[in-house]
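J.: Supplied in structure tokens, the structure appears directly below.
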Protein chains: 4
Amino acid sequence: MGYTKRVEIRWRDLDGFGHVNNAVFLTYLEEARDEFYTGLLSHDTVNQMVLRHTSVDFRRSLVQSDDLVDVGLVVIQVGTSSVVTRETITSSATGEVAAVAESVMVHCDQARERSQPFPDEPRRLLEAALEQDAKEGD
Amino acid sequence: MGYTKRVEIRWRDLDGFGHVNNAVFLTYLEEARDEFYTGLLSHDTVNQMVLRHTSVDFRRSLVQSDDLVDVGLVVIQVGTSSVVTRETITSSATGEVAAVAESVMVHCDQARERSQPFPDEPRRLLEAALEQDAKEGD
Amino acid sequence: MGYTKRVEIRWRDLDGFGHVNNAVFLTYLEEARDEFYTGLLSHDTVNQMVLRHTSVDFRRSLVQSDDLVDVGLVVIQVGTSSVVTRETITSSATGEVAAVAESVMVHCDQARERSQPFPDEPRRLLEAALEQDAKEGD
Amino acid sequence: MGYTKRVEIRWRDLDGFGHVNNAVFLTYLEEARDEFYTGLLSHDTVNQMVLRHTSVDFRRSLVQSDDLVDVGLVVIQVGTSSVVTRETITSSATGEVAAVAESVMVHCDQARERSQPFPDEPRRLLEAALEQDAKEGD
């Protein structure tokens, strides 16, 4: 369902507790979103999308031996100039969910400053993804 | 009001857009929380506190010339085993708010796995901080 | 020849020039060394090895579209308590060498503080790797 | 002697051993060089300088309680299109040297690709810094 991006955990991702640091979770989410949006929309459109909000529930810590995580992503809302995704970080080793997140991206002008409605084509593609994810989620 | 931690922006904090990357915002928040909790509570108690949830509103991008950020923090809720803080990242150069966040820390057992009520002393200190922040917030 | 570890470039690895930041090159090298040493030696031995020296020649910049790098590693010297590797970071997309490095790891006591000769078994394994790499390098 | 930049250690700088990760040392060095070159030369010149080589001797590990490091920098060589600095990372808490490094920056064309001689003015300034550092080093 939706899109999945596999990311390899690096030693540098851990902090002094031996766990993947909380900030690195946002990097994992970003890797999934980047690849999802880049695959779906034009380079220009993606470059004008800015992260406006993110919220993360940390469920379990990740350690070096988890080795890989799968970041799943579904589109849950498409607005005039924004799109909301729900993202899940799962340990590939254990299948356990490490975090669940929601992220709002806003389409902006070229200066990436003010929000601006999606052009028709990307909007159509995002709505198709939303519909597809909703169907599969049933 | 509350606690403020100044953090210097590093060149490494920027990403390919020339803005401080979203994941680095969590690092700025963590620096403020770490220093706040370490100043208030014992080392052992802080080591048993785990970030359970965070949500961030990104308001403005930060660039190298912002140079420094001030991360403000107030306690907004204290529970049996959890504490919620509201955090604000402000450009020291411009005074503009770059992000507003809320973070939930949970007090856990020594293995940092299961939640466990705060002992009396840290709970008392957190409630005093909460009361102080509420008063100053009036 | 030697060992090769593939690492995926992350958006977070770039800096404000749109290039993979120089510090991240050390992370790529570390990923290769960690996997090489972990595959060859016991967990305990690897945990007692400390990076003592590294030197890096930066030949070409890496960008997001390089996507993946291959970090090649050969053992070039084995001493009583140290091992030297030569490492090469190559863009998987273009085959161009981005950096060539040399790293010295020192085997230490359990506190990871003072150097201590390799036990017989790891030393034998490192010398076998050295010999193998030298042969293939001919 | 030379230039000194103070950098605060962040919790995110540590890795699973509880020590500042080796890659972060390059970030500390970069902070010092950036500030030194930006203070001495024009923005345009600094933007055309690219790190070509770095070598680092790791002498002691840094931990959270070191809190701050002082990164000292002296110019040790100025060429037609390159400048070499020697850098020292010292724990502000203990005064102990954690690392000694040497870095070669090359002045390039605007595309940051091919080396190009320094214009007269920056070259004169770099040579003055070299002379000053040599004098103070006596």
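J.: Could you give me the residue pairs with C-beta distances under 6 Å whose first residue belongs to the range B:38-55 and is within 13 Å of chain A (Cβ to nearest Cβ), whose second residue is charged (D, E, K, R) wherever it lies, and which are 6+ apart or on separate chains?
T.: Going by the 6 Å Cβ cut-off, the qualifying pairs are B:Val50/B:Arg112; B:His53/A:Asp57; B:Ser55/B:Glu102.
J.: Separate question: In the range B:108-130, how many residues are at pLDDT below 95 and over 14 Å from B:Met49 (Cβ atoms)?
T.: 0
J.: Right, something else. Would you mention how many residues in the range A:29-45 are surrounded by fewer than 16 Cβ atoms within 10 Å (Cβ to Cβ) and out of contact with any helix residue (DSSP H, G or I) (no Cβ under 6 Å at 6 or more places or on another chain)?
T.: Going through the range A:29-45, the residues surrounded by fewer than 16 Cβ atoms within 10 Å (Cβ to Cβ) turn out to be A:38-39, A:42-44.
So of that shortlist, the ones also out of contact with any helix residue (DSSP H, G or I) (no Cβ under 6 Å at 6 or more places or on another chain) come out as A:39, A:42-44.
Total meeting the criteria: 4.
J.: If you take the residues in the range D:1-34 that are assigned to a loop (DSSP other than H, G, I, E, B) and hydrophobic (A, V, I, L, M, F, W, C), which one is nearest to the other protein chains (Cβ to nearest Cβ)? Give the steps one after another, and end with the answer.
T.: We begin by selecting, within the range D:1-34, every residue assigned to a loop (DSSP other than H, G, I, E, B); these are D:1-2, D:9-10, D:15-19, D:21.
Still in the list and also hydrophobic (A, V, I, L, M, F, W, C): D:1, D:9, D:17.
Working: D:Met1: 23, D:Ile9: 10, D:Phe17: 7 Å.
Taking the candidates together, the pick is D:Phe17.
J.: Taking the conditions exactly as written (modelled with pLDDT of 95 or more and assigned to a strand (DSSP E or B)), does B:Val46 satisfy them or not? Walk me through it before giving the result.
T.: Details: modelled with pLDDT of 95 or more: yes; assigned to a strand (DSSP E or B): no.
No: the conditions fail for B:Val46.
J.: What residue, of B:Ser103, B:Ser92, is in contact with a helix residue (DSSP H, G or I) (Cβ under 8 Å, 6 or more places away or on another chain), polar (S, T, N, Q) and within 14 Å of chain A (Cβ to nearest Cβ)? First the steps, then the outcome.
T.: Numbers: B:Ser92 fails: within 14 Å of chain A (Cβ to nearest Cβ).
Answer to the check: B:Ser103.
Rundown of residues vs (1) farther than 30 Å from C:Val97 by Cβ; (2) surrounded by fewer than 22 Cβ atoms within 10 Å (Cβ to Cβ); (3) small (Gly, Ala, Ser), yes/no style:
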{"position": "D:Gly2", "(1), (2), (3)": "yes, yes, yes"}
{"position": "D:Glu8", "(1), (2), (3)": "yes, yes, no"}
{"position": "D:Asp15", "(1), (2), (3)": "no, no, no"}
{"position": "D:Val20", "(1), (2), (3)": "no, no, no"}
{"position": "D:Asn47", "(1), (2), (3)": "no, yes, no"}
{"position": "D:Val50", "(1), (2), (3)": "no, yes, no"}
{"position": "D:Val74", "(1), (2), (3)": "yes, yes, no"}
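J.: OK, next. So D:Lys135 fits all but one of (1) at pLDDT below 95; (2) basic (Lys, Arg); (3) part of a loop (DSSP other than H, G, I, E, B); what number is the exception?
T.: Condition (3) is where D:Lys135 drops out.
J.: Tally the residues that are closer than 9 Å to A:Glu102 by Cα and over 8 Å from the mean Cα position of the chain (by Cα), restricting the search to the range A:77-87. So that I can check it myself, show each step before the final result.
T.: Going through the range A:77-87, the residues closer than 9 Å to A:Glu102 by Cα turn out to be A:84-87.
Keeping just the survivors that are over 8 Å from the mean Cα position of the chain (by Cα) gives A:84.
Qualifying residue count, the range A:77-87: 1.
The values are calculated or read from the model by the stated rules, or taken from the named source; none is laboratory data. Not measured: the values here are computed from a predicted model. Cβ: placed from backbone, ideal geometry, glycine included. Neighbour counts: every protein chain shown.
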